[in-house]
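Report on the structure given below.
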Amino acid sequence: MSANSKYFMLVWIFVGGVLLFAGGYYIGLTEARKVAGPLSQKKAERIEKVKNNSSNRQNISEFDGETQSAVNQDNLRGNLSLASPKKSLGIREILQEFQDETNPVYKFSKLGEAMKQLNEENLTETLEVFESIPFGFENMQEYRMLLYAWSQFDPYGAIEYCNSRASGIGAGFAVSGVLEGWAARNPQEARNWVEKPENQGMSKLYNFGLVKGWASTDLESASEYVLNMEGGAEVEKLAGTLVDFYNKRGFEQASRWAEEIENPKLKEAAFTNLSRKLTRDQPAEMASWLADHTDGKYAVKAFENLGTRWSETDPQAAINYFSELPEGKIQEVGIKSVIGNWAKQDALSAGNWLNEQPSSPRLDSALANYASTVSRDDGGSAMEWAVSISEEKLQQKTIRSVGQEWYRQDKEAVESWLPESGLPEEMQKSIRNPPKKNWWQNLRER
């Protein structure tokens, strides 16, 4: 794996972890709000009077039915004690509850409660608690919340803290978390810091935090910033990130924004990310929109995503859609992406569909995908499909992989077939020595 691949894999691990945390944190806050329903001042005074007078507890019927009901509900909730009101907890006590909690929903709800109180006065005692939490990816959710809250009153101090706890890319990811909170509050100040000469070495990583925070409060300005940037894959990832924010306003706005992008690479990134988000749950809507973009190279990956995801739930509808598209790269990619999943679900139907199509090089990639999929259960049958591929390089590649899979299943059958196959000696030798599969490959094939 190249250094760039590792770099962006880590970025998306970071983003994926952030999304997982956000879901849990929101659920926790929602549950907390459900529990703490508001009371009117007058009603609360009546309830408090009942609770603080033991004799009145014996004669609670003298109060109106509404008060009685409110008292009972409040006691059941456990928010107030009959003996005395619950004491308001300080940040250190809340953080202790956070550390002791094992339920992730309530755990991060507690941390959110503590971070709402974070300020310059209680920062030191808060950091003492965090000293016991390793500063790494496994705890990035906790540190993201700390650094976001800290950035609201002292981003420079938060950045210094990150650099004192880690170095290199680890510190860079942490600082990106500071920038997210900083940019949500003051995007121009955060941008100026990122653009300082001494920060250019990590600016590609810092921009992820800057853009995400900026887009959360001023999406149009963040979009303008990204679309005017010069760069490669990292700028394309940023364009994909902006799609998420536009999509929160609705598919219509997100799709319109993607269509208006002039830079081909950024346009491709926007289309790809939008299709990745919606094709599984809204395939028909995505298919309708993409139908107007069959002549654009920027939409190829989006069509591929559509075929892959749609075929997981309705392969027949997906294959019918792509069959009706104009012949070309997009149709070829789409059919290939559908055939793989269809073969997993119903290899016979998928095979019959392929047999019914006129022989054409445009089906080669679909034939290769079908043969590779079928070979996991029936290597002998899959080989018949592999040899029918017309493009020589793709044919040889598929024969090799299918042959190795077949050899793992039935060594004797392959040994009988190879001498009559007409394959070169090098190819036969390769088939007889299939590489061992790792656990990840075995898992993906299920």
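The values are calculated or read from the model by the stated rules, or taken from the named source; none is laboratory data. As the structure is a computational prediction, the values presented were derived from the model and not from experiment. Counting neighbours? That spans all protein chains shown, and the Cβs are built from the backbone with ideal geometry, glycine included.
Any idea how many residues of the stretch 378-405 are of a type in the set (Asp, Glu), assigned to a loop (DSSP other than H, G, I, E, B) and farther than 16 Å from ALA343 by Cβ?
Total meeting the criteria: 1.
Name the one entry in VAL178, VAL71 that is surrounded by 18 or more Cβ atoms within 10 Å (Cβ to Cβ) and modelled with pLDDT of 95 or more. Can you show your working first?
Working: VAL71 fails: modelled with pLDDT of 95 or more.
Of the residues listed, the single one that is surrounded by 18 or more Cβ atoms within 10 Å (Cβ to Cβ) and modelled with pLDDT of 95 or more is VAL178.
Look through the stretch 184-235, keep the residues that are among the charged types (D, E, K, R) and under 24 Å from GLY170 (Cβ atoms), and return whichever of them is modelled with the lowest pLDDT.
Looking at residues that are among the charged types (D, E, K, R) and under 24 Å from GLY170 (Cβ atoms), I get GLU234.
Look at the stretch 141-157 and say how many of its residues are within 15 Å of ARG185 (Cβ to Cβ), part of a helix (DSSP H, G or I) and of a type in the set (Phe, Trp, Tyr).
Number satisfying all stated conditions: 3.
For LYS248, are the conditions met, namely being closer than 29 Å to SER203 by Cβ, among the charged types (D, E, K, R) and in contact with a Ser or Thr (Cβ under 6 Å, 6 or more places away or on another chain)?
When the stated conditions are applied, LYS248 does not pass them.
Which one of GLU128, GLU142, GLU101 is over 23 Å from SER176 (Cα atoms) and of a type outside the set (Ser, Thr, Tyr)?
The conditions single out GLU101.
Looking at (1) farther than 30 Å from PRO315 by Cβ; (2) of a type in the set (Lys, Arg); (3) assigned to a helix (DSSP H, G or I), find the lone condition where ARG408 falls short.
(1)
It is to be established whether one or more residues within the stretch 365-377 are at pLDDT below 95, of a type in the set (Gly, Ala, Ser) and either part of a helix (DSSP H, G or I) or under 20 Å from ARG309 (Cα atoms) (or both).
no
Does the stretch 355-380 hold any residues that are in contact with a Leu (Cβ under 8 Å, 6 or more places away or on another chain) and crowded, with 16+ Cβ neighbours inside 10 Å, and which are they? It would help to see each step written out before you state the result.
We begin by selecting, within the stretch 355-380, every residue in contact with a Leu (Cβ under 8 Å, 6 or more places away or on another chain); these are 357, 363-368, 370.
Listed by number, the residues that qualify are LEU363, ASP364, SER365, ALA366, LEU367, ALA368, TYR370.
Out of THR308, THR279, which single residue is over 20 Å from ARG362 (Cβ atoms) and touching a helix residue (DSSP H, G or I) at 6+ places or on another chain (Cβ under 9 Å)?
Among THR308, THR279, only THR279 is over 20 Å from ARG362 (Cβ atoms) and touching a helix residue (DSSP H, G or I) at 6+ places or on another chain (Cβ under 9 Å).
Let's see how each residue does on (1) basic (Lys, Arg); (2) out of contact with any Leu (no Cβ under 9 Å at 6 or more places or on another chain); (3) more than 19 Å from ASN369 (Cβ to Cβ); (4) at pLDDT below 95:
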| residue | (1), (2), (3), (4) |
| --- | --- |
| ILE389 | no, no, no, no |
| LYS393 | yes, yes, no, no |
| THR398 | no, no, no, no |
| SER401 | no, yes, no, no |
| GLU415 | no, yes, yes, no |
| GLU420 | no, yes, yes, yes |
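With ALA222, ALA299 as the choices, which residue is in contact with a Pro (Cβ under 8 Å, 6 or more places away or on another chain) and among the aliphatic types (A, V, I, L, M)?
Being in contact with a Pro (Cβ under 8 Å, 6 or more places away or on another chain) and among the aliphatic types (A, V, I, L, M) holds for just one of ALA222, ALA299, which is ALA222.
Give the stretch 158-170 a look and list any residue that's over 22 Å from the mean Cα position of the chain (by Cα), touching a residue at least 12 places away in the same chain (Cβ under 8 Å) and in a helix (DSSP H, G or I), or say none.
Residues satisfying the conditions are ALA158, ILE159, TYR161, CYS162, ASN163, ARG165.
Can you name every residue in the stretch 180-237 that is over 22 Å from the mean Cα position of the chain (by Cα) and in a loop (DSSP other than H, G, I, E, B)?
The answer is ASN186, GLU195, LYS196, ASP218, ASN228, MET229, GLU230, GLY231.
Exactly one of these conditions fails for GLU327: (1) of a type outside the set (A, V, I, L, M, F, W, C); (2) within 20 Å of PHE251 (Cβ to Cβ); (3) more than 23 Å from the chain's Cα centre (by Cα). Give me its number.
So GLU327 meets the others, but not (2).
Go through the stretch 101-132 and give me each residue that's surrounded by fewer than 18 Cβ atoms within 10 Å (Cβ to Cβ) and assigned to a loop (DSSP other than H, G, I, E, B).
GLU101, THR102, ASN103, GLN117, ASN119, GLU120, GLU121, ASN122, GLU131, SER132
So which residues in the stretch 381-417 are of a type in the set (Gly, Ala, Ser) and surrounded by 15 or more Cβ atoms within 10 Å (Cβ to Cβ)?
Residues satisfying the conditions are SER381, ALA382, ALA386, SER388, SER401, GLY403.
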